[in-house]
Amino acid sequence: MKFADEFRDRDKALTLVREIEKLCSQIEVTKHRPLNIMEVCGGHTHSIFRYGLEGMLPAAIELVHGPGCPVCVLPMGRVDDCVAIAEQPGVIFTTFGDAMRVPGSRKSLMQAKADGADVRMVYSPMDALALARKNPDREVVFFGLGFETTMPSTALTVLQAEADGIENFSVFCNHITIVPTIKAILDSPDLHLDGFLGPGHVSMVIGTAPYEFIANFYRRPMVVAGFEPLDVLQSIWMILKQIKEGRAEIENQYTRIVPEAGNDPALAAVAKVYELREFFEWRGLGSIDHSGVRVRDDYARFDAERKFAIPNIKIADPKSCQCGEVLKGVLKPWQCKVFGTLCTPEMPLGALMVSPEGACAAYYQYGGVKRQERPDTVPAAP
Ligand code: SF4
């Protein structure tokens, strides 16, 4: 498979692992504790388990699986809001497939569909807009979900709806932003992180400059990484090299895709259609200031939150669910009390078991249910 095999070469991967081991042995702190490196993006979590990368790395590196899967960080109350909109007469509620199975406090969108609501899976917001054109007597709502990666396509669809004079289309906007999220993680007292694998897809849109505060203020290195095995291993190597040399910088390993300055047309569409919310609720992370966007007043007629009555109630996760701790990297997925028993990809209790990018689903699918825990401290490096 041209353009993919080159990034999956076993011998090159093993060479990189040896270089990573060598660097680890030269970093003083690894004599006392592992280096905690967070992959912010769920796509990296998926690659790490799909290709068995965690098992190849020395015990001196602990990968912490961050909150980068938008389905996983959706609070239960927002799922309930989706169901409430979908159950209103005359509504066609459209969503990406993953989001259909996220449990709400009463039911998921999939269960709402089984109960008679018109919930349809789409591949893009433009598909939802096409449905609105075909069904002028119905209200079509698109579930806008995701970080800056998907934000521009929803914004462009709203602009298209306006240009075409379409009145029966709206967006239930749950788009979230990456920078305040990373800041909240860095400010979290129960987490000590030594570096970040930066999100490849989000960075395609925003570039690398918005992360400078991580290096300048928090003195942590970040390497924006691609998703193939060699991308991930090389990025970990680059982070370790910075730590060994006492540097904290934002580096871009994914230069074949990520422009340092971001994508201007995408950013312009985002700025035109959305404004920052004062705060936004995240599953497991609580409310984070300015971490979500809403549709601007100029486009209010495309905003489902203004078009429909929405319960907007905060719902706590079930007691047995430890998604919050896993999202913050405090617990590994297999340490959750219900992992692999009451919570499986077929019957998810928490959102992290739903999407293939969720840490629990990735562990379940590739990591094995009876995974052995690593020791907290590692032996002294030679
Ligand atoms: S196993 Fe299920 S309930 Fe536990 S953290 Fe994972 S998704 Fe949440």
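The values are calculated or read from the model by the stated rules, or taken from the named source; none is laboratory data. Just so we're clear, the structure is a prediction, and the values are computed from it rather than from any experiment. Cβ coordinates were reconstructed from backbone atoms using ideal geometry, including for glycine residues, and neighbour counts include every protein chain displayed. Ligands, DNA and RNA are stripped out before the accessible areas are found, and what is left, the full protein with its side chains, is counted by its heavy atoms. Shrake-Rupley method; radii C 1.70, N 1.55, O 1.52, S 1.80 Å.
Qualifying GluC sites (Glu not before Pro) in segment 107-209, where qualification requires a DSSP coil assignment and no more than 16 other C-beta atoms within 10 Å, comprise Glu167.
For the chain, take the longest principal axis of its alpha carbons; what is the angle in degrees between that and the long axis of helix 151-163, to the nearest 10 within 0 to 90? Compared with the principal axis, the helix lies near 20 degrees.
To the nearest 10, the accessible area of Lys113 is 90 Å² with a 1.4 Å probe. Amide H to amide H distances under 5 Å link Asp303 with Val171, where only residues 5 or more positions off or on other chains count and H is placed in the peptide plane.
Here's the picture: a label point sits 7 Å out from the Cα of Ile315 along the beta-carbon direction, and within segment 275-289 the residues with their amide nitrogen under 14 Å of it are 283. Taking the 1.4 Å solvent-accessible surface of the chain as the whole, the part contributed by carbon and sulfur is 54%. Can you return the aspartates and glutamates within cross-link range of Lys328? Criterion is Cα-Cα under 16 Å, with same-chain partners fewer than 8 residues away left out. The qualifying aspartates and glutamates are Glu39, Glu62, Asp187, Asp190, Asp194, Glu281, Asp317, Glu357. Between Lys22 and Asp115, the simple spin-label model (points 7 angstrom out along Cα→Cβ) gives 6.1 nm. Taking amide H as placed 1.01 Å from N in the peptide plane, Leu349 has its amide H under 5 Å from the amide H of Thr344, each at least 5 places away in sequence or on another chain.
A protection proxy built from the mean count of other Cβ atoms within 10 Å ranks the segments 337-349, 194-206, most packed first, as 194-206, 337-349. Across Ala225, Ala84, Ala316, mean-square fluctuation computed from a Gaussian network of the chain (C-alpha pairs under 10 Å connected) peaks at Ala316.
In this structure, the residue pairs whose Cα-Cα separation is over 23 Å, taken from Lys107/Lys134; Lys107/Lys319; Lys31/Lys244, are Lys107/Lys134.
With 0.36 nm allotted per residue and the present C-alpha distance subtracted, the Asp190-Arg301 stretch has 35.7 nm of extension available.
Given Thr177, Ala128, Gly144, which one lies farthest toward the positive end of the charge dipole of segment 115-199, if we put +1 on the Cβ of every Lys and Arg and -1 on the Cβ of every Asp and Glu? Looking along the dipole axis, the top candidate is Ala128. For the pair Leu14 and Met56, the difference between a 0.36 nm per residue extended length and the Cα-Cα distance amounts to 14.3 nm. In this structure, Leu276 and Asn216 have a Cβ-Cβ separation that, at R0 = 25 Å, corresponds to a calculated FRET efficiency of about 0.70. With the alpha-carbon atoms as the only input, what is the per residue convex hull volume for the chain in Å³? Cα convex hull per residue, to the nearest whole number: 141 Å³.
Show His290, His175 ordered by accessible area, largest first, where the area counts protein heavy atoms only and the probe is 1.4 Å.
His290, His175
Per residue, the chain exposes an accessible area of 43 Å² to a 1.4 Å probe, with every protein chain left in place.
With pairing defined as another cysteine C-beta under 4.7 Å, the cysteines of the chain that fail it are Cys24, Cys41, Cys82, Cys173, Cys321, Cys323, Cys336, Cys343, Cys360. The simple spin-label model puts a point 7 Å past each Cα toward its Cβ; for Thr341 and Glu87 those points are separated by 3.2 nm. If you take the Cα centroid of segment 217-239 and the Cα centroid of segment 243-276, the two points sit 14 Å apart. For segment 69-193, the alpha carbon convex hull comes to 107 Å³ per residue, rounded to a whole number. Rounded to whole Å, give me the distance from the Cα center of segment 156-206 to that of segment 290-359. Value for the Cα centre distance between the two parts: 15 Å.
Quantify how much of the Cα-Cα distance distribution of segment 1-154 extends past 28 Å, in percent.
Every Cα pair in segment 1-154 considered, those over 28 Å come to 44 percent.
Alpha-carbon geometry of segment 246-377: the Rg and the Dmax are 19.6, 56 Å, given in that order. Of the residues Ala84, Thr15, Pro67, the one whose Cα sits farthest towards the positive end of the charge dipole of the chain is Thr15 (charges of +1 on Lys and Arg Cβ, -1 on Asp and Glu Cβ, taken about the Cα centre).
Principal-axis analysis of the Cα atoms of the chain puts helix 10-25 at an angle of about 70° to the longest axis. Residue ranking by accessible heavy-atom surface, 1.4 Å probe, largest first, among Met110, Met100 comes out as Met110, Met100. Residues of segment 168-193 with an amide N closer than 19 Å to a point placed 7 Å from the Cα of Glu162 along the Cα-to-Cβ direction: 168-175. Our compactness index for segment 164-247, the C-alpha radius of gyration over the empirical 2.2 N^0.38 Å, is 1.40. Checking every one of the chymotrypsin sites (Phe, Trp or Tyr not before Pro) in segment 122-174 against DSSP loop status and a limit of 10 other Cβ atoms within 10 Å picks out Tyr123. Computed from Cα atoms, the angle from the helix 229-244 axis to the main principal axis of the chain rounds to 60 degrees.
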